[in-house]
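What follows is a single structure, written as structure tokens, with notes after it.
The values are calculated or read from the model by the stated rules, or taken from the named source; none is laboratory data. Predicted model, so just to flag it, every value in this text is computed and none were measured. FYI the Cβ positions are ideal-geometry reconstructions off the backbone, even for glycines, and counts take in every protein chain you see. For the accessible areas, the whole protein counts, side chains as well, though only heavy atoms, and no ligand, DNA or RNA atoms are used. Shrake-Rupley method; radii C 1.70, N 1.55, O 1.52, S 1.80 Å.
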Amino acid sequence: MTVTPSTWSPRSWRDLTALQQPQWPDGAAVDAAVERLKASPPLVFAGEARALRDQLAKVIDGRAFLLQAGDCVESFNELSTMRIREKLKIMLQMSAVLTYGATLPVVKVGRIAGQFTKPRSEPFERIGDEEIPSFRGHMIHDDARTAEARVPDPRRMVEGYNQSASTLNLLRAFTKGGYADLTQVHLWNKDFVSSSPEGRRYDQLAGEIERALAFMAACGIDLVSERRLHEVDVYTSHEGLLLEYEEGLTRQDSITGDWYDCSAHLLWIGERTRQLDGAHVEFFSGVHNPIGVKIGPTATPADVVELAERLNPLRVPGRLTYYARMGAEHVRELLPPLLRAVRDEGHPVLWASDPMHGNGIRTATGVKTRRFDAIMAELDGFFNACWEVGVWPGGVHLEFTGEDVTECLGGADDVLEEHLASRYETLLDPRLNARQSLDLAFRLAELMRAPR
Ligand code: PEP
Ligand code: CO
């Protein structure tokens, strides 16, 4: 239960300013694509979105932790079973580390099956003497560095829907069909990870989990029939940026009559599109999914309270998540006033940390990267700010990949500047590789165990 304003409809955002939208060259083709989406089956169901909301409500109470992670932006060229499995594997590994290390359930949400658009700070990029539109994701245009490739094509929204459907189908099979079974805990460790110090540490933890399971079995507990040991719930999420796509997948739930954006379980509003009078806030105020908002360093206490009033007027726990992305140097100073303002107004908000987007840097040669140490420093600042105010540090929002890439600097792996070029594969922002992600999970478990 949330509330849909009486003036709201899936199209009401169209009367307001929508930032970060493509300049489609052909309006009729956009309408045709939206009609195709409207006639297509939903990707997720309202009941699943409600189940996630209930899980997130538990997080707000300090009874669980949110792990949200995935690619910066998914690619149309990378729909491979292997890549999706690798992403799931590292998510399961991190989740095992956090659940076992901090003895808390972990709510797992992928940036997956729909993360095909990106907001950009600069509308154009320079290629030699030419200026071409910046890359905004495969649901809009191709990434090739030519002006022709960057012409927006609305048929890509339908292609994005189709790729999301295939991804989700595979994800459902992996999570419910035995692969995520806790008895497989050892098998999630991958070759290039298992030989590393964090991989060995993980193997030890997996051994402890197996012994605990064997102990319970020896006590006569029927582990075979305990569904929760054999299946996991992995929910989907993406930035709700391209409003025509989101409108096209919005459906009225047959059980409650409420509107849901059935493109993903959770949608978030980005730092660049969270204006109170903007089209994105209007659109997401009317759908009943769990909604996130990125909160950057310019946000004021009044902003975060007004956003909560607008997006969650009935104060439903689990409806609203804020991702603080302040930058490692500022989080300790900027976050506590925001935490206090929301708490003092009595708004149930899940506070999570996005330690990635406030910590981007460029190397001397112009390569976009992030330092593992800065990411950890922001997480540390986030936890301390939360402890100070007495708010539960509810989760993390990360950009990672299951591959052995070299995009972020440092970590136990110690990726150096001269390594960046060797396997830099992201379409946009640098992601943590599998070893760095596992390393982060171990450190996070320690932060969570710190005196509360
Ligand atoms: C993102 O999450 O990929 C993103 C662009 O974040 P932000 O809106 O916080 O900059
Ligand atoms: Co990003």
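For this structure, a couple of remarks:
- Residue check for Phe400: within 22 Å of the chain's Cα centre (by Cα) and within 16 Å of ligand 2 (Cβ to nearest atom): yes
- Count - residues of segment 340-355 that are within 16 Å of Thr321 (Cβ to Cβ) and either within 16 Å of ligand 2 (Cβ to nearest atom) or without any contact (Cβ under 8 Å) to a residue 24 or more places away in the chain (or both): 4
- Subset of segment 340-364 that is under 15 Å from Glu407 (Cα atoms) and of a type outside the set (A, V, I, L, M, F, W, C) - its residue that is farthest from ligand 1 (Cβ to nearest atom): Thr363
- Single match in Gly358, Gly394, Gly390 (criterion: within 14 Å of ligand 2 (Cβ to nearest atom) and out of contact with any Cys (no Cβ under 6 Å at 6 or more places or on another chain)): Gly358
Residues are listed down the side, and each one gets a yes or a no for (1) basic (Lys, Arg); (2) assigned to a helix (DSSP H, G or I):
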residue	(1), (2)
Glu388	no, yes
Val391	no, no
Glu407	no, no
Leu428	no, no
Arg435	yes, yes
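- Remark: pairs (first residue in segment 115-137, within 23 Å of Leu79 (Cα to Cα); second residue of a type in the set (Ser, Thr, Tyr) and within 13 Å of ligand 1 (Cβ to nearest atom); Cβ separation under 7 Å; 6+ apart in sequence or on different chains) = Pro119/Thr273; Arg136/Thr117; Gly137/Thr117.
- Neighbours by Cβ (under 9 Å, 6+ apart or cross-chain): first from segment 317-332, of a type in the set (Gly, Ala, Ser); second open to solvent by 20 Å² or more (accessible area, probe 1.4 Å) and within 16 Å of ligand 2 (Cβ to nearest atom): Ala324/Gly358; Gly327/His357; Gly327/Gly358; Gly327/Ala374; Ala328/Gly358; Ala328/Arg371; Ala328/Ala374
- Matching residues in segment 427-443 - criterion: being open to solvent by 10 Å² or more (accessible area, probe 1.4 Å) and in contact with a helix residue (DSSP H, G or I) (Cβ under 8 Å, 6 or more places away or on another chain): Arg435, Asp439, Phe442, Arg443
- Some residue of segment 261-268 being of a type in the set (Asp, Glu), more than 16 Å from ligand 2 (Cβ to nearest atom) and more than 29 Å from His138 (Cβ to Cβ): no
- Selected residue (only one of Asp303, Asp258 is within 21 Å of Glu378 (Cβ to Cβ) and modelled with pLDDT of 95 or more): Asp303
- Pick from segment 409-426, criterion touching a residue at least 40 places away in the same chain (Cβ under 8 Å) and in a loop (DSSP other than H, G, I, E, B), ranking: surrounded by the fewest Cβ atoms within 10 Å (Cβ to Cβ): Ala421
- Residue pairs meeting the criteria (Cβ under 9 Å; at least 6 apart or on separate chains; first closer than 15 Å to Arg156 by Cβ, in segment 12-36; second open to solvent by 70 Å² or more (accessible area, probe 1.4 Å)): Pro25/Val151; Ala29/Arg155; Ala32/Arg155; Ala33/Arg155; Arg36/Arg155
- Residue within segment 386-407 that is in contact with a strand residue (DSSP E or B) (Cβ under 9 Å, 6 or more places away or on another chain) and open to solvent by 30 Å² or more (accessible area, probe 1.4 Å) present: yes
- Output for segment 302-339, where each listed residue is among the charged types (D, E, K, R) and within 16 Å of ligand 1 (Cβ to nearest atom): Asp303, Arg325
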